[in-house]
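Down below is the structure, laid out as structure tokens.
The values are calculated or read from the model by the stated rules, or taken from the named source; none is laboratory data. Everything numeric here is computed off the predicted structure, so don't read it as measured data. So basically every Cβ, Gly included, is an ideal-geometry build from the backbone, and we count neighbours across all protein chains shown. With ligands, DNA and RNA removed, areas are computed over all heavy atoms of the protein, side chains included. Shrake-Rupley method; radii C 1.70, N 1.55, O 1.52, S 1.80 Å.
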Amino acid sequence: MKEQNLEAHFQAKIDAEIKIEPKDWMPDEYRKTLIRQISQHAHSEIVGMLPEGNWITRAPSLRRKLILLAKVQDEAGHGLYLYSAAETLGADRGDLVLQMLNGKAKYSSIFNYPTLNWADIGAIGWLVDGAAITNQVMLTRTSYGPYARAMVRICKEESFHQRQGYEIMLAMSRGSEEQKQMAQDSLNRWWWPSLMMFGPHDGESSHSEQAFKWKIKRKSNDELRQQFVDATIPQAGLLGLTVPDPALRWNAERGHYDFSPINWDEFWNVVKGNGPCNRERIAARQKACDDGAWVREAALAYAEKKEQKQIGARQTAAA
Amino acid sequence: MKKSWPLWEVFIRSKSGLDHKHAGSIHAADAEMAIENARDIYTRRNEGVSIWVVESKHITASDPDDADALFEPAKDKIYRHPTFYNLPDEVKHM
């Protein structure tokens, strides 16, 4: 088939809601877009372990510690599902990790904010995972099969993440006055960065149009953001906490909450590497990569030695 | 980057009586590590009672571009399906 026909055939499949699978023909740009998006998603899961890992040793009870450990382990798993989805497109996992370490590939900017108190673990589960789920539920219907399947698995597991976070917020907002203050302080700090997770406005998002045509995305950044705000405000009310936005109010005409404009200067500043923890996060990932190098090499050397031994034993037996 | 661990495909039997089903892939230095990594990545919530791993390079897949020709022999044999046969209503469950 000619390139043009291939492309028409490809688009027809997308239009008919037939998933694209690894060995199917696809435009180079589709492949590149997916590798970029899936790997950035994977990096986000991996870097996302750091702010929460910060509190594992200081969790207030054994129950909370076990839950947090399980959650952080899930994030590692999610990162690995996504790396393997990216690999089905021909990407090399080592290269992808390297791109994150040298700053060529991004991860979600939310993880460049610090976790200052225990309530932040609650706010992350409730808001950050809540925002991520809003996006990921949409992605369970993305056009690339392996990505969609990874998302289904991730969404099933993320539901516990959000619920445990909300449970922490609930416990704190119903606790002492001081605990309630901590919960409110945490909400104040995480609210706007959570809304920024959905990315720039639709008009300013550089990849949107093509991503819609290829059904990689099915909802715009602003639609998803509104969906998240609408779902979250009543939950904040139930906690007796308020979001840090004086302009927030229900708009009966639109059937949605109105909210203030986002501080995009802050968003771009963090994306460009100047958030509170950008350097710390990359340094931690670089250290993990460097410190683990000898383990990876030793395991490989051991596997090769074992294989040689087996071959030797088989030859002896045959002789 | 130095030589990396090979890629393995993971198949999981969710419970006795069911087939192993492809779950995804992982990296591991050898088969034993592949089983353990597969357990950690794909069965954190009791999703399996048995795991198969096979190095990805050993899998041969059909070419999707040849799918029409490959599966053509089955396409016109509708008589392989039970609904092809018209039986009187009196013959109940068959």
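Pairs, please: C-beta under 7 Å, at least 6 apart or cross-chain, first residue closer than 15 Å to A:Met49 by Cα and in region A:280-300, second open to solvent by less than 60 Å² (accessible area, probe 1.4 Å) and aromatic (Phe, Trp, Tyr)?
A:Arg281/A:Phe111
Which condition does A:Met151 not pass, out of (1) under 15 Å from A:Ala42 (Cβ atoms); (2) within 14 Å of chain B (Cβ to nearest Cβ); (3) open to solvent by 10 Å² or more (accessible area, probe 1.4 Å), if it passes all the others?
Of everything listed in (1) under 15 Å from A:Ala42 (Cβ atoms); (2) within 14 Å of chain B (Cβ to nearest Cβ); (3) open to solvent by 10 Å² or more (accessible area, probe 1.4 Å), A:Met151 misses just condition (3).
Show me the helices (runs of 4 or more DSSP H) entirely contained within region A:203-285 in which 3 or more residues are aromatic (Phe, Trp, Tyr).
A:264-269
Identify the single condition in (1) touching a strand residue (DSSP E or B) at 6+ places or on another chain (Cβ under 9 Å); (2) within 23 Å of A:Leu195 (Cβ to Cβ); (3) among the polar types (S, T, N, Q) that A:Gln40 does not satisfy, given that it satisfies every other one.
In the conditions (1) touching a strand residue (DSSP E or B) at 6+ places or on another chain (Cβ under 9 Å); (2) within 23 Å of A:Leu195 (Cβ to Cβ); (3) among the polar types (S, T, N, Q), A:Gln40 misses (1) alone.
Against the definition (on the phi < 0 side of the Ramachandran plot and either acidic (Asp, Glu) or at pLDDT below 95 (or both)), how does A:Lys287 come out, yes or no?
Criteria not met by A:Lys287.
Among the residues of region A:193-214, how many are of a type outside the set (Phe, Trp, Tyr) and open to solvent by 40 Å² or more (accessible area, probe 1.4 Å)?
Adding up the residues that qualify gives 10.
Which of the residues that make up region A:45-97 are more than 14 Å from chain B (Cβ to nearest Cβ) and touching a Leu at 6+ places or on another chain (Cβ under 9 Å)?
A:Glu52, A:Gly53, A:Trp55, A:Ile56, A:Ala59
Looking only at region A:174-192, count how many residues are open to solvent by 10 Å² or more (accessible area, probe 1.4 Å) and either touching a helix residue (DSSP H, G or I) at 6+ places or on another chain (Cβ under 6 Å) or assigned to a helix (DSSP H, G or I) (or both).
Adding up the residues that qualify gives 11.
Filter region B:11-26 for residues that are within 14 Å of chain A (Cβ to nearest Cβ) and small (Gly, Ala, Ser) and give the result.
If the condition is that a residue be within 14 Å of chain A (Cβ to nearest Cβ) and small (Gly, Ala, Ser), then B:Ser14, B:Ala23, B:Gly24, B:Ser25 are the ones that fit.
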